[in-house]
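Contents: one structure, followed by commentary.
The values are calculated or read from the model by the stated rules, or taken from the named source; none is laboratory data. Only a predicted model underlies this, so the values are computations on that prediction, with no experimental measurement involved. For neighbour counting, all protein chains shown are included, and Cβ atoms are generated from backbone atoms with ideal geometry for every residue, glycine included.
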Amino acid sequence: MTHFRKPDLTADRSAPCCCCTYGYTGYSAARRVFLKSTVVLGSGALLSASVPAVELFAQTTSSSASKAGRIDVHGHFSPPNLFPAMLAQGRKNFADWTPEKALEAMDESGVSTAMTSVPPHFDFDTVERDARPANEFAARFLADHRQRFGVFAFLPLPHVDAALREIEYAFDTLKLDGVGVYTNYGDKWLGDPMFNPVFEELNRRKAIVFSHPISLGPSQFAQLLTGDGAIQEQTDTTRAIANMIFGGAAERYPNVRMIFSHGGGTMPYLIERFTSLAKGQKFAELLPQGFSGAASKFYYDTAWTSNAVAMGALTKVVPLSQIVFGTDYPARTISDHVKGLKECGVFTEQQLDQVERQNALALFPRFKT
């Protein structure tokens, strides 16, 4: 279960990150030495010290050639500095992730490219310290497999100033593909005015923003036998969508291209309520195209929703162009989603190709070749 902890802004941030201590078992011995050395060198030395080494390693790695296959917009990568938190939360499947294992699973299911983000983080007391090494690790494995992976940068929110610095570094220095955010940060959801400076910058950059749900923390939900993932986190995605739309952020930042996880959570099933709200006096001027018009500007992935009920509902709310293939790997297998979408009966073969590849290419044109 993912719990939010409010950040302690007085905490000591000087301790060395876990990358310097924990080896990355998915790499060869030489690659482990490279990983350790670049982290010890620090962020300022990343590009000058690591680019020649990355080019050398890229000649010897066995990343298979990219083919015109599926594009998974919802995968995860696991930076070594977050291994202890993952293991403490019982998320061994994330701690066991390696690029090689991911590539094997991708090849088995006809996935040519996976867009990846850090799994839901577990301790926001250390997020300012954790974000930079996680993103630098991502830049290194991305350099080895440029056509097979993309990366959404890990932002150190709710610390707005730190997030702005990381946006600049992620785009201008590391050349990552977008940013990842969570649906809430304690008592603040996406769309809250607190995050306006971040979204203003993302809007200026025409950034792609991948949103992942996260639990609210210890509460009455903790007693649910189903756990937070099955119910609460999906409802939290709906809260974030509604807050972005009814709070006006979707209108203020039209250049931000948002991807929401898990088919939009419970949003499609609450469409009648949202449509009615949008017509009311309070929101009618803000939403001249209604709720569906605003919601149709977002993208929605298929992770954990590759079934007839969920896809049937989502396709009634947003255009086919806004649905993209996602799997939540390694939390769930890629093959489960390929099978589910193929057998759900919602899509023709041509429509399925649009969902599984073509729609994502509109967001990430670098994968066309």
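A compact table of results
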| quantity | calculated |
| --- | --- |
| Condition broken by Lys206, with the remaining ones in (1) touching a Lys or Arg at 6+ places or on another chain (Cβ under 6 Å); (2) of a type in the set (Lys, Arg); (3) part of a loop (DSSP other than H, G, I, E, B) satisfied | (1) |
| Matching option when the condition is among the charged types (D, E, K, R) and touching a strand residue (DSSP E or B) at 6+ places or on another chain (Cβ under 6 Å), among Asp301, Asp353 | Asp301 |
| Positions within the range 179-197 being of a type in the set (A, V, I, L, M) and under 19 Å from the mean Cα position of the chain (by Cα), in sequence order | Val179, Val181, Leu190 |
| For Thr305: the one exception among (1) over 28 Å from Phe149 (Cβ atoms); (2) among the β-branched types (Val, Ile, Thr); (3) in contact (Cβ under 8 Å) with a residue 24 or more places away in the chain | (1) |
| Contacts under 7 angstrom Cβ, first residue in the range 342-369 being closer than 17 Å to Arg257 by Cβ, partner among the aromatic types (Phe, Trp, Tyr) and surrounded by 18 or more Cβ atoms within 10 Å (Cβ to Cβ), 6 or more apart | Val355/Phe325; Val355/Phe347; Ala360/Phe325; Leu361/Phe367 |
| Residue within the range 119-136 that is over 19 Å from Arg91 (Cα atoms), of a type in the set (Phe, Trp, Tyr) and within 16 Å of the chain's Cα centre (by Cα) present | no |
| Qualifying positions in the range 64-95 - assigned to a loop (DSSP other than H, G, I, E, B), among the charged types (D, E, K, R) and surrounded by 15 or more Cβ atoms within 10 Å (Cβ to Cβ) | Arg91 |
| Every residue from the range 239-267 that is outside any helix (DSSP H, G or I) and of a type in the set (A, V, I, L, M, F, W, C) | Val256, Met258, Ile259, Phe260 |
| Residue within the range 173-188 that is buried (at least 22 other Cβ atoms within 10 Å of the Cβ) and farther than 25 Å from Val256 by Cβ present | no |
| Qualifying positions in the range 318-356 - farther than 18 Å from Ser112 by Cα, under 20 Å from the mean Cα position of the chain (by Cα), surrounded by 16 or more Cβ atoms within 10 Å (Cβ to Cβ) and not aliphatic (A, V, I, L, M) | Gln322 |
| When residues of the range 135-158 are limited to those that are aromatic (Phe, Trp, Tyr) and at pLDDT 95 or above, the one nearest to Arg366 (Cα to Cα) | Phe149 |
| Residue match in the range 236-243 (condition: among the basic types (Lys, Arg), modelled with pLDDT of 90 or more and over 19 Å from the mean Cα position of the chain (by Cα)) | no |
| Cβ-Cβ under 7 Å pairs, at least 6 apart or on other chains, the range 255-269 side closer than 22 Å to Pro119 by Cβ, far side hydroxyl-bearing (Ser, Thr, Tyr) and part of a loop (DSSP other than H, G, I, E, B) | His262/Thr305; Gly263/Thr302; Gly263/Thr305 |
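Matching residues to (1) among the β-branched types (Val, Ile, Thr); (2) crowded, with 22+ Cβ neighbours inside 10 Å; (3) at positive phi; (4) not in a helix (DSSP H, G or I):
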| site | (1), (2), (3), (4) |
| --- | --- |
| Tyr269 | no, no, no, no |
| Trp304 | no, yes, yes, yes |
| Thr315 | yes, no, no, no |
| Gln358 | no, no, no, no |
| Ala362 | no, no, no, no |
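Yes/no matrix, rows are residues, columns are (1) within 27 Å of Arg357 (Cα to Cα); (2) surrounded by fewer than 18 Cβ atoms within 10 Å (Cβ to Cβ):
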| residue | (1), (2) |
| --- | --- |
| Ile241 | yes, no |
| Gly247 | no, yes |
| Glu251 | no, yes |
| Asn255 | yes, yes |
| Gly265 | yes, no |
| Ala278 | no, no |
| Ala284 | no, yes |
| Gly312 | yes, yes |
